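Structure record follows, encoded as C-alpha cells.
The values are calculated or read from the model by the stated rules, or taken from the named source; none is laboratory data. For clarity, every value in this text was computed on a predicted model and none was experimentally measured. Note: ideal-geometry Cβ built from the backbone for every residue, glycine included; neighbour counts use all protein chains shown. Each accessible area value is taken on the protein alone, full model and side chains, heavy atoms only, with ligands, DNA and RNA left out. Shrake-Rupley method; radii C 1.70, N 1.55, O 1.52, S 1.80 Å.
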Amino acid sequence: MAEIVELNVGGVHYTTTLSTLLQDKSTLLHELFAAGARDSLAKDSKGRYFLDRDGVLFRYILDFLRDKALNLPEGFREKQRLQREAEHFKLTAMLEFIRNDRDARPPGCITIGYRGSFQFGKDGLADVKFRKLSRILVCGRVAQCREVFGDTLNESRDPDHGGPDRYTSRFFLKHCFIEQAFDNLHEHGYRMAGSCGSGTAGSAAEPKPGVDIEENRWNHYNEFVFIRD
C-alpha cells in the first residue's frame, strides 16, 4: 500500500502519498521527502510535516504532480504567485505549462472609464478628503473582460447575451477601486497605452437629492486604454 503523508503547508493541511511527492526526481519535494531526508523536516504539534510556503496555492502543486496537467479555475488571478511557488519547488514542467499558457493569451484592448468627484468634508473646499467614484466602466471583447475581472464584473446592464466574441461598452465593476482594476489588468499581461480626462465638468442643473452642490461642480470623467500584444 502507498505510504500516506500528512502535510502542514503554511497552516493548510494536506493528505497525499509519498509516491506523489517523489513523482519528479528533479524537484525540491523529491529532495525533501527522499529516504532519510524527511527525518530532518520540521513537524507541527500533530506530527504533520511542515513546509513554510503558501498553503492555498500548494493544492495546485499537488494536482500537477498527480495529473501532469495544470487545471486552474476560471478567473484565476494568482498566476504570478503560483509561478513563484513552482520556481521554489523546482517544478520545471509546471513552469513550462504556466509560461505556455501566458504566451497563448490572445492580444486585445480593454478600456476602463470612471466618473467621479471629490468627497468634501464639513469645511467644503478646505476639507477635501478623497476621490469618490460612482462606477467603473469596462469596454472591450466580452471574453477578455471576463478573463481579467472574473466575478467582480457586473454584466446586468448589458442586454445582449450573444457569444464571447462580441464587444460591449456596458459592463461595470462591482467595486469602486480603480487601482484594483489596474492590478487585474497588469496580472493578465495588459499595459496602459493611453489615457484622457475631462477635468471638472459638473452639471449646472440642480443636482439630485442628497448630492452636495459644491461636490457636483467637481465631477469629472477619465478613461484609460490597456492593450495586450
Enumeration of residues in segment 6-50 that are assigned to a helix (DSSP H, G or I), among the hydroxyl-bearing types (Ser, Thr, Tyr) and open to solvent by less than 50 Å² (accessible area, probe 1.4 Å): Thr20
Of all residues in segment 1-18, how many are under 20 Å from His88 (Cα atoms) and of a type outside the set (Val, Ile, Thr)? 7
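Just one of Phe50, Phe64, Phe58, Phe89 is within 30 Å of Asp183 (Cβ to Cβ) and in contact with a strand residue (DSSP E or B) (Cβ under 6 Å, 6 or more places away or on another chain); which is it? Explain how you work it out, then say what you get.
On the way: Phe50 fails: within 30 Å of Asp183 (Cβ to Cβ); Phe64 fails: in contact with a strand residue (DSSP E or B) (Cβ under 6 Å, 6 or more places away or on another chain); Phe89 fails: in contact with a strand residue (DSSP E or B) (Cβ under 6 Å, 6 or more places away or on another chain).
Unique residue meeting the criteria: Phe58.
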Looking only at segment 173-200, which residues are within 18 Å of Arg146 (Cβ to Cβ) and out of contact with any Gly (no Cβ under 9 Å at 6 or more places or on another chain)? Leu173, Lys174, His175, Gln180, Ala181, Phe182, Asp183, Leu185, His186, Glu187, His188, Gly189
Picking from Asp63, Asp54, which residue would you name as being open to solvent by less than 90 Å² (accessible area, probe 1.4 Å) and out of contact with any helix residue (DSSP H, G or I) (no Cβ under 8 Å at 6 or more places or on another chain)? Asp63
Set Arg53, Arg77: member being assigned to a loop (DSSP other than H, G, I, E, B), at pLDDT 95 or above, not hydrophobic (A, V, I, L, M, F, W, C) and not assigned by the TED database to the domain that holds Asn184: Arg53
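Can you list the helices (runs of 4 or more DSSP H) lying wholly within segment 125-229 that have 1 or more residues being open to solvent by less than 90 Å² (accessible area, probe 1.4 Å), at pLDDT below 90 and touching a Ser or Thr at 6+ places or on another chain (Cβ under 8 Å)?
Details: elements: 142-149, 178-187, 213-217.
Hits in segment 125-229: 213-217.
Scanning for something more than 30 Å from Asn154 (Cβ to Cβ), crowded, with 17+ Cβ neighbours inside 10 Å and of a type in the set (Gly, Ala, Ser), does segment 69-88 turn up at least one residue?
Restricting attention to segment 69-88, the residues satisfying the condition of being more than 30 Å from Asn154 (Cβ to Cβ) are 69, 84-88.
Filter again for crowded, with 17+ Cβ neighbours inside 10 Å, leaving 85-86.
Then keep just the ones that are of a type in the set (Gly, Ala, Ser); that gives 86.
Looking for residues that are more than 30 Å from Asn154 (Cβ to Cβ), crowded, with 17+ Cβ neighbours inside 10 Å and of a type in the set (Gly, Ala, Ser), one finds at least one in segment 69-88, hence yes.
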